[in-house]
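Note sheet for the following structure.
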Amino acid sequence: MSDTTAAPRPSSADEPWPVAQLSAKLKEYVDRLGSVWVDGEIAQWGVSGGNVYGKLKDVSADATVSFTVWSSVRAKLPEGLGQGDRVTALVKANWWVKGGTLTMQVFDMRRVGLGDLLERLERLRQTLAAEGLFDPARKRPLPFLPRCVGLVTGKDSDAEKDVLRNAQLRWPSVRFRVVHAAVQGDRAVAEVTAGIHELDADPEVDVIIVARGGGDFQNLLPFSDESLVRAAAACETPLVSAIGHENDRPLLDEVADLRASTPTDAAKRVVPDVSEELARVQQARSRMLSRVTTSISTEVERIATIRSRPALADPTWIIDSRADELTRAVARGVELTHRVLERAHLEIDERRSQLRALSPQRTLDRGYAIAQIDDGSVLRSAASAAPGARVLLTLADGRLATVVETPTPTAERPA
């Protein structure tokens, strides 16, 4: 085996270095650096198996390094360290010969304060919250079945495939309009914002999904950019944020009408499941059929009950049962009528007799006469008739004219 610690011989196309020799030499160079204290901001902090794997970002320049904190060292670190913290760390560069990777092994870490980036995000969060952009009352409900779903995502990304596949599994006829955009890096903010504006202007798009398949804190920063967040808040079409990161919620999640935990979850929330809806329709039809059947059965029973009553079973019973009563009533009416007529006849005869008894003709029939002088007045006294006066006598069956010879008054009747 060759001695990799000896001075390296010059390499050439005819005598190249073995990869192992190059990797060993790199490890020698890296080990010479030793341990150093560095200042930076934690851009990523993930725990796996008790160890921490993260990234440390320069606070002023665009430079990032990966670091590892073994579980034995992590137990000695301050509590609550995490993404966004400004720290100073004692690190030692470590070159892994077999894998050819460089990592920084952390031996100590001290919190300096809230990172500049996290502090800026927190100030922006408070500003937008004060403007009411996070208010639940302004969030609009998603349509039950959108005509067309707009999707802003990376080209050929897993997020795009997850949304399309899961949505089509739930509702095969769903239509999508996809706008591809960078979802990380310098172009992400402008392209995602342009995609939201483009889909919002399309009258056929009923809901917009902004999807990305997760990522570390630094890669998700474009989705907390103020211009992008305000564009999403001003969007007239309901918007779903499907960034897919539980630990670090970008500000887009706060202003979106709906936050989905993953792109798959967004697909499930935006379109209904056709099998579930068909099952609900079938259940509704079954309930309606049951109610209609029950109502019809109830009415049939009521009709049968009504038909079984005597009045409908044998309609003639009413006439038969009332015929005798009607006959008796008619006989009674005839009898009462005859009685009334008889009483009326008797009363008329009685009145006739009274009238006849008081009639002057009746008096004349008994032999009396009415004497009248020439002027037509009734002669009541013999003294009233002068001798030779003409007198008209009215008898029962006619009249006679006579002349008074000698009036003879009768003696006065006693009082």
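Here is how the numbers come out for the structure above:
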read-out: Looking only at segment 146-199, and only at residues there that are under 36 Å from the mean Cα position of the chain (by Cα), outside any helix (DSSP H, G or I) and aliphatic (A, V, I, L, M), the one that is farthest from LEU239 (Cα to Cα); value: VAL174
read-out: Cβ-Cβ under 8 Å pairs, at least 6 apart or on other chains, segment 385-405 side closer than 16 Å to TYR368 by Cα and at pLDDT 80 or above, far side hydrophobic (A, V, I, L, M, F, W, C) and part of a loop (DSSP other than H, G, I, E, B); value: VAL391/ILE373; VAL391/LEU379; VAL391/ALA385; VAL391/VAL404; LEU392/ILE373; LEU393/ALA369; THR394/ALA369; LEU395/ALA369
read-out: Close pairs from segment 362-383: first part of a loop (DSSP other than H, G, I, E, B), partner modelled with pLDDT under 80, Cβ under 6 Å, at least 6 apart; value: ILE373/LEU379; LEU379/ALA385
read-out: The one condition in (1) crowded, with 23+ Cβ neighbours inside 10 Å; (2) modelled with pLDDT of 90 or more that PHE176 fails to fulfil; value: (1)
read-out: Answer residue from segment 266-322, given it is of a type in the set (Asp, Glu) and at pLDDT 90 or above and is nearest to VAL240 (Cα to Cα) among those; value: GLU299
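The values are calculated or read from the model by the stated rules, or taken from the named source; none is laboratory data. All values derive from a computational prediction rather than experimental measurement. Cβ sites come from the backbone with ideal geometry, for glycine too, and all protein chains shown count toward neighbours.
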